[in-house]
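The values are calculated or read from the model by the stated rules, or taken from the named source; none is laboratory data. Because the structure is predicted, anything quoted here is derived from the model rather than measured. Please note: Cβ atoms are built from the backbone with ideal geometry, for glycine as well, and neighbour counts cover all protein chains shown.
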Amino acid sequence: MAQRRFSNYLFILPACLIFATFYIYPFFKTFQLSLHSWDGIQPAMQFIGFANFKELLFEDSAWWNSMYNAGYITFWALTFQNLLALCLALACDRAMRAGAAYRVIFFIPPILSEIVVGLVWKWIYNGDYGILNYWLTNLGLGSFAKDWLADPNSALTCVAIAHAWKGFGWAFIILLAGLQTIPTQLYEAAYVDGAGAWKRFIHVTIPMMIPVFIMVIILTILGAMQGFGLILSMTLGGPAGHTEVPVIRILDSMKNSQFGYACAQALIFGMILVSISFIQIRISKYLKQA
Amino acid sequence: MRSKVVGVFCIAILGVILFSFLGFYGCAQERESHSKVTITVWHWMTDRQAAFEELAARYEKAAGIRVKFELFTPSDAYSQKIIASAQGKTLPDIFGILGKKRDAASFIKAGYALDLTKYMDENMGAWRNQLFDKALNMGRFTEGNLFGVVPGIYAVPIDLMNVQMIYNRKIFKEAGLDPNYPPVTFTGFIEQLKKLKEKNFSGFVSGFAEAWLIDSFAFSYAFNIMGEDKVMKTLKGEVPYTDPDWIKVFTLFQDLREAGGFASGVVSMDNKYAEQSFANEKSAFVYNGSWCINVYKGMNPELDYAVMMPPKVVEKNPMVIWGSAGAAFYVNAASPNAQEAVRFLKWLTDDTQQVYLIETTLNLPANKNCLNKIPKILSQFTDDLDKITHPNIWSYEESPKVTEVFARGIQSIIIGEKSPETVAAEVQVAKQKELKK
C-alpha cells in the first residue's frame, strides 16, 4: 500500500516541481523583492518593509489613474465589444450563406499582432491624414475633425474602441460555440407554445448561455485590464498619462530601475484581478443555483 | 509480431546513435571554432549592425580574433536583457548600458564593468587624447561623484551625438521665409511659426510622447533662462520648481501652443513618428538628434534641411544642447577575454574604423582626428560641440519620479489642460516627496 502511494507521488512529482519552480517560487520572490528597494543590478538590496505598498496605495495617484483607465477600457469591452460579439454570433448561428467565411473574418482581429493593430488605428485617428477625419470632412462633419489621440477628452475612448475591435473575435467564437450547444428541441418546444423570436431569446437562449456569458465576462475583464501592446503602439500611455494602464506603469518602474516598487505594483494588480475573478465566480455559482 | 517489435527497437536504437553522433559532431565543430578567442558584443543599434559586422570581419583578418556583434532591439528590451544578464552573471565581453548615469554606476559598483583608466593612460594617454572629452565623460566618474563609484573611465565612446533644431528649407521658401536666416530668438521663432500656420504649414514637431525629448528641450531652455548653477541647485533641491525662472520655462510650451506652433498630435508622437512627419515634409521644424541624418537619408533622400541651435530666450546665459557619447561600450570585468576586448575597442576607435563608421552610418565620430572627414550636413552638428551638456555628466541627477511628473506636466501644458503654475507646483510636490526619502 505504502509502495503504491509512493509511486503515486512519484508520478505527480515532475508536475509539482515544474509548478513550484515556475509559479510558487516566482510569486514568493516577487513578494520578497516588493519589500526591498532594489535597482535590479547591484547584489545588495535594502529592506524597506511595506513602504512600497504604502506609497503605491496611498500616495501614487498616477497608479490609481491608470487603474481607472483600465477600468474604462474594460467597461467598453464588456458592453460594446461583447454586445457586438453576441449580435454577430446570433447571426452566424443561423444557417446563413457563407457562414463559415464570416466566422473566419470575425476571428481575424484577435490573431493580428497588437502592435500592428495599434499602428493601423493610430493612422485611422491621425489628425493630419487619418481616414476618420477624411470621412468626417467628406460627410460635411469637418468641424468634428481633430487629432483624436492627442485630445485628452477622446484619447481613452479611441483606445477603448480599438481594443474592443481587436477583442470581439474571441467573444464571438466562445458565444457562437455556446449557442450551438443549446438543444434545438428547446426552441421547437417554445415555438409550439407560441413564443416569438424575442421570447425564445429571453427565455431559452439567455438562461442557457449564462455559464458562457460568465466565462466571456471573466476573460474580457482579465484581457482588458491587462491590455498593453495596443496602447503602447498607439499612445505610449499619453497624452499626459490619459491612456496609461497599470501594466505600462509597472514597465515604467522597471525601466526606472525601481524593481521593488514594480514588484509591489505587480502584486497589488494581481490581487485586484484575483479578487474580481473570485467575485465573478461567486456570482456565477449564485446564478446557476438560482 | 515479435520480429516487428525487434525491428522497431533496432530502428530506434540506430536513430539514437545517429542523433548522438550528429550532436557530438556539432559540439566538436563548436569547440573547434571556440579554440580561437571570440569576443561577444551586445548592442541595440540596428542602423550600425551591418557596419559593425564588416568591422568585425576586418578585425578578424587583422588580429585573428573573432568578434560577434549581437543585436537586441528595441532598446527597452535591450536594457532589460542587460539587467537580467547581470543578475544571471551572463554578460558578454563587451556591452552597452542604456539609461541614466545611476544605472551605469550600479553596474560598476556591482563589479560588472572594467575600469579602463589604466588603458586610457597608456602611452601618455594616447587613447584618451584621441577621443572627445565630452564623449568620455559619459563613462567617467570623478572624485567624490554622487554615486560613490571609484573614480575612473569605465566606458569607451563609439560615437557622439547632440540634439538640435532642424528646419526644412523648402517649406521656409514656400512660406516666404528666408532659409538662410532661421530664427535666433524665441520671439522670432514664435513669429515664424505664426507665419507658417498662416500658410497652412505645420510648425514644430518632436517625439514629445517620449519623456526624454521633452526633458532635454525644457532643460536646454532652463540653462538659457537661469544658467547652469541655478539648474544644478534645483536638482540638488535648493531652488524650487515653482521659482519664476522655472515658470518661464514651462510658459514657453504654453506660448508655442497659443501660437499654434506645435504639429498636430505632438504629445502622442514617439520620435520615430516625428521623424517621419519631418522627413515627409509635413512639418517645418523638428527637435531631433544628430542620428537623424541617416534616418532622413533613408526616408527621403531629397529632403532639403539645415540645422540650427534652439532659439534663445535671453542673452545673459548661453544656450546649451543635449549631447554626449551616442553609444559607449563597457568591458565585462569578469570576462576571460577582457584584455582582448579592450584591445578591440581601442582598434574600433582608431581613425580608420571611425571614418568607416562615419561614412556608413552618418554618425558623429567619438575620435577627434576624424572631424575633417565628416560630410557637410553632419558638420552642422559639430559646429556647436562646445555647447553640449548631458544629465550623465552633471553633478546632480533628477529622480525618475520627478522627471515623470515634469514631462507629463509639460504634455498637459501642450494640450491646454494645465497652466505652467499648476505644473510647476505639481513637480515641486513630487520633488519634495523624493527629497524626504
Query raised in the report: Here is a list of conditions, (1) touching a Ser or Thr at 6+ places or on another chain (Cβ under 9 Å); (2) under 21 Å from residue B:172 (Cβ atoms), and residue B:297 meets all of them except one; can you say which number that is?
Result: (1)
**Report entry** Listing of helices (runs of 4 or more DSSP H) fully contained in region B:82-152 that carry 2 or more residues being more than 14 Å from chain A (Cβ to nearest Cβ) and of a type in the set (Phe, Trp, Tyr)
**Finding:** B:117-130
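Looking at B:163, B:249, which is the one that is under 30 Å from residue A:155 (Cα atoms), at pLDDT 95 or above and more than 14 Å from every other protein chain (Cβ to nearest Cβ)?
Going through B:163, B:249 in turn, the sole match is B:249.
If a residue counts only when it is of a type in the set (D, E, K, R), which helices (runs of 4 or more DSSP H) contained entirely in region A:181-248 have at least 2 such residues? I'd like the intermediate steps shown before the answer.
Working: elements: A:184-192, A:197-200, A:206-225, A:229-234.
Here the list reads A:197-200.
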Query raised in the report: Is region B:260-281 home to any residue that is out of contact with any helix residue (DSSP H, G or I) (no Cβ under 8 Å at 6 or more places or on another chain) and of a type in the set (Asp, Glu)?
Result: yes
Report task. For region B:258-272, state whether one or more residues are within 20 Å of residue B:49 (Cα to Cα), in the same structural domain as residue B:221 (by TED's automatic domain parsing) and touching a residue at least 24 places away in the same chain (Cβ under 8 Å). Result -> yes
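Check whether at least one residue in region A:119-134 is modelled with pLDDT under 90 and touching a Ser or Thr at 6+ places or on another chain (Cβ under 7 Å), and report yes or no.
Let us first name the residues in region A:119-134 that are modelled with pLDDT under 90, namely A:126-130.
In the following step, the residues that additionally are touching a Ser or Thr at 6+ places or on another chain (Cβ under 7 Å) were identified as A:127-128.
Yes; the residues of region A:119-134 include at least one that is modelled with pLDDT under 90 and touching a Ser or Thr at 6+ places or on another chain (Cβ under 7 Å).
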Query raised in the report: Wholly within region B:284-335, which strands (runs of 3 or more DSSP E) include no fewer than the required count, namely at least 1 residues that are over 21 Å from residue B:195 (Cα atoms)?
Result: B:321-325, B:328-331
Report task. For region B:375-398, state whether one or more residues are under 30 Å from residue B:61 (Cα atoms) and within 25 Å of the chain's Cα centre (by Cα). Result -> yes
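So which of B:173, B:197 is within 21 Å of residue B:303 (Cα to Cα), basic (Lys, Arg), assigned by TED's automatic domain parsing to the domain that holds residue B:284 and without any contact (Cβ under 8 Å) to a residue 60 or more places away in the chain?
Working: B:197 fails: without any contact (Cβ under 8 Å) to a residue 60 or more places away in the chain.
Of the residues listed, the single one that is within 21 Å of residue B:303 (Cα to Cα), basic (Lys, Arg), assigned by TED's automatic domain parsing to the domain that holds residue B:284 and without any contact (Cβ under 8 Å) to a residue 60 or more places away in the chain is B:173.
Residue-by-condition table, conditions (1) within 14 Å of chain B (Cβ to nearest Cβ); (2) surrounded by 19 or more Cβ atoms within 10 Å (Cβ to Cβ); (3) among the charged types (D, E, K, R):
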{"residue": "A:200", "(1), (2), (3)": "no, no, yes"}
{"residue": "A:235", "(1), (2), (3)": "yes, yes, no"}
{"residue": "A:239", "(1), (2), (3)": "yes, yes, no"}
{"residue": "A:245", "(1), (2), (3)": "no, yes, no"}
{"residue": "A:251", "(1), (2), (3)": "yes, no, no"}
{"residue": "A:262", "(1), (2), (3)": "yes, yes, no"}
Query raised in the report: Out of all the residues in region A:268-283, is one or more closer than 26 Å to residue B:405 by Cβ and assigned to a loop (DSSP other than H, G, I, E, B)?
Result: no
Query raised in the report: What is the one condition in (1) within 14 Å of another protein chain (Cβ to nearest Cβ); (2) without any contact (Cβ under 8 Å) to a residue 40 or more places away in the chain that residue B:427 does not satisfy?
Result: (2)
Query raised in the report: Just for region A:23-47: of the residues that are more than 10 Å from chain B (Cβ to nearest Cβ) and of a type in the set (Val, Ile, Thr), which one is surrounded by the most Cβ atoms within 10 Å (Cβ to Cβ)?
Result: A:30
Report task. Out of B:311, B:318, report the one residue that is under 25 Å from residue B:392 (Cα atoms) and in contact with a strand residue (DSSP E or B) (Cβ under 7 Å, 6 or more places away or on another chain). Result -> B:311
Query raised in the report: Taking the condition crowded, with 17+ Cβ neighbours inside 10 Å and either small (Gly, Ala, Ser) or not assigned by TED's automatic domain parsing to the domain that holds residue B:170 (or both), does residue B:289 pass?
Result: yes
Query raised in the report: Which residue, of B:324, B:335, is surrounded by 16 or more Cβ atoms within 10 Å (Cβ to Cβ), at pLDDT below 95 and over 30 Å from residue B:226 (Cβ atoms)?
Result: B:335
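Residue under question is residue B:73, and the condition is that it be away from every other protein chain (no Cβ under 14 Å) and β-branched (Val, Ile, Thr); does it hold? Steps first, please.
Values: away from every other protein chain (no Cβ under 14 Å): no; β-branched (Val, Ile, Thr): yes.
So residue B:73 does not fit the description; no.
Has region B:131-151 got any residue that is in the same structural domain as residue B:308 (by TED's automatic domain parsing), crowded, with 19+ Cβ neighbours inside 10 Å and closer than 30 Å to residue B:348 by Cβ? Spell out how you get there, then give the answer.
Pass one, region B:131-151, residues in the same structural domain as residue B:308 (by TED's automatic domain parsing): none.
Checked region B:131-151: no residue is in the same structural domain as residue B:308 (by TED's automatic domain parsing), crowded, with 19+ Cβ neighbours inside 10 Å and closer than 30 Å to residue B:348 by Cβ.
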Query raised in the report: In this structure, does residue B:381 turn out to be in contact with a Ser or Thr (Cβ under 9 Å, 6 or more places away or on another chain), part of a helix (DSSP H, G or I) and crowded, with 17+ Cβ neighbours inside 10 Å?
Result: yes
Query raised in the report: Take the residues of region A:205-229 that are within 12 Å of residue A:163 (Cβ to Cβ) and away from chain B (no Cβ under 14 Å): which is surrounded by the fewest Cβ atoms within 10 Å (Cβ to Cβ)?
Result: A:226
Requested in this report: Report those helices (runs of 4 or more DSSP H) wholly inside region A:48-133 carrying at least 2 residues which are of a type in the set (Phe, Trp, Tyr) and buried (at least 18 other Cβ atoms within 10 Å of the Cβ).
Outcome: A:61-76, A:114-125
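It is to be established whether one or more residues within region B:394-405 are within 14 Å of chain A (Cβ to nearest Cβ), part of a helix (DSSP H, G or I), within 30 Å of residue B:154 (Cα to Cα) and of a type in the set (Lys, Arg). Full working, then the answer.
Filtering region B:394-405 for residues within 14 Å of chain A (Cβ to nearest Cβ) gives B:397-405.
Next cut, part of a helix (DSSP H, G or I) only: B:400-405.
Okay, now just the ones that are also within 30 Å of residue B:154 (Cα to Cα), so B:400-404.
When the remaining residues are screened for being of a type in the set (Lys, Arg), the result is B:401.
Checked region B:394-405: at least one residue is within 14 Å of chain A (Cβ to nearest Cβ), part of a helix (DSSP H, G or I), within 30 Å of residue B:154 (Cα to Cα) and of a type in the set (Lys, Arg).
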Query raised in the report: Somewhere in region A:126-148, is a residue away from every other protein chain (no Cβ under 14 Å), in contact (Cβ under 8 Å) with a residue 24 or more places away in the chain and not aromatic (Phe, Trp, Tyr)?
Result: no
